[in-house]
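Computed from the coordinates by the stated procedures, all read-outs in this text should not be read as laboratory data. Because the structure is predicted, anything quoted here is derived from the model rather than measured. Here the Cβ is made from the backbone with ideal geometry for all residues, glycine too, and neighbour counts use every protein chain on show.
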Amino acid sequence: MKVLITGGAGFIGSHLADRLLADGHEVRAFDNLDPQVHLQGGRPEYLDPEVELQTGDVRDRGAVRRALEGVDAVVHFAAAVGVGQSMYEIERYTSINAIGAAIVLEEAVERRDAIRKLLVASSMSIYGEGQYRNPRTGESGLAPWLRPESQLAAREWELLADDGTPLEPEPTAETKPLRPTSIYAINKRDHEEMFLTVGAAYGLPAVALRFFNVYGERQALSNPYTGVAAIFSSRLLNDRAPLVFEDGRQTRDFIDVRDIARCCALALTEHGADEHALNVGTGSIAPATSGIATPTRALPQSCSASAPRSRSRPACRTCSRGSRARRPRIRWTRRARRWLRAASRVDRSQRLDRQHE
Ligand SMILES: NC(=O)c1ccc[n+]([C@@H]2O[C@H](COP(=O)([O-])OP(=O)(O)OC[C@H]3O[C@@H](n4cnc5c(N)ncnc54)[C@H](O)[C@@H]3O)[C@@H](O)[C@H]2O)c1
């Protein structure tokens, strides 16, 4: 099979390319090598020489049409990916993410006789806050809204039921109502709805995968708009204390990029996930601050002293219920240590932007 990966020079795309090549497929990457992600410019060294790289923007119809020539499957990863940045670069995010997806879809539909599968990256951010249960009533599957401003001002960090009972987090099922709280998350919800809707209308098998927090080699630690693990790690590698908001007890579901690649490869070659939007996470909850604790060095003193509240109202606890995806193979703590040791060799001198804060 010949697979086109838009955004294929990026973090997850390049790992998926490795996986597909190892499985005997051909890979074409289509990527504009966005300077925010690709600081060095040019073809990334980590991209396997077997990957055919075409450079271009997903909003350039002619370039997308050329990229689609001769392919059997399309993976759409190209995106502007920063949650915070999306809230003040609304037009750029919506243009790259929504218009880019629209053009990829229109051109894929033109080639629907040849294309056997569409796969798009969605994100756990579309859920907003995670899923909870009330320990007093036993009610589960609760989908609370973000914590109110007044509660955060009172430095009360837990999610509360109407009677004040602190709610307990539980794995988030795909059936949980979607409540995106950023332009990026709205773009990702659009991505999955656009791909599934167009796929169904034209008889093109389509899959949307909701990635949880992905980590691993090649993640651009110098990009201030990546996730919490990369942000904490980047600060540590630059001898700066991570800034921990609230009580530091927020949780996330961290998944190794190679598990993500394995899952995408399965979704491309098998049919069980067709026409579905599925969680891809480990199903186990890790404190977001394990992004700090995992590096071999000790936690700087100043870290525990700083407990401001975030400027935004981030989700408190998110974890996947991987009900339909297969189990992950790689554990966060073991894998993250190796990733961060490798990162310390290459990323220490790179810039650290104020946007981290
Ligand atoms: N990393 C995560 O934790 C995570 C979680 C959920 C979803 N996702 C999604 O997975 C996909 C891949 O994310 P990633 O972490 O590899 O990000 P990344 O930034 O490393 O890769 C994205 C790639 O897209 C390219 N790109 C950006 N704008 C483009 C444009 N206009 N035209 C062509 N190419 C463009 C970039 O140059 C980059 O190589 C994205 O769609 C992202 O929303 C990532």
Given labels modelled 7 Å from the Cα in the Cβ direction, how far is it in nm from LEU33 to ARG155? 5.0
Note: THR137 to ARG112 extended length (0.36 nm per residue) minus current alpha-carbon separation gives 3.9 nm
Please sort 9-20, 68-79, 112-123 by packing, taking for each peptide the average over its residues of neighbouring beta carbons within 10 angstrom, highest first. 9-20, 68-79, 112-123
Prolate/oblate/rounded call for the stretch 132-256, Cα gyration tensor, a/c under 1.5 rounded: oblate
Under the Karplus curve 6.51 cos²θ - 1.76 cosθ + 1.60, θ = phi - 60°, whole-Hz ³J(HN,Hα) for the stretch 228-235, x wherever Gly or Pro sits: 5, 4, 5, 5, 4, 5, 4, 5
Which lysines have a Cα lying under 22 Å from the Cα of LYS2, excluding residues fewer than 8 positions away in the same chain? LYS117
Which ordering of PHE212, PHE232, PHE245 is given by a fewest-first count of other beta-carbon atoms within 10 Å? PHE245, PHE212, PHE232
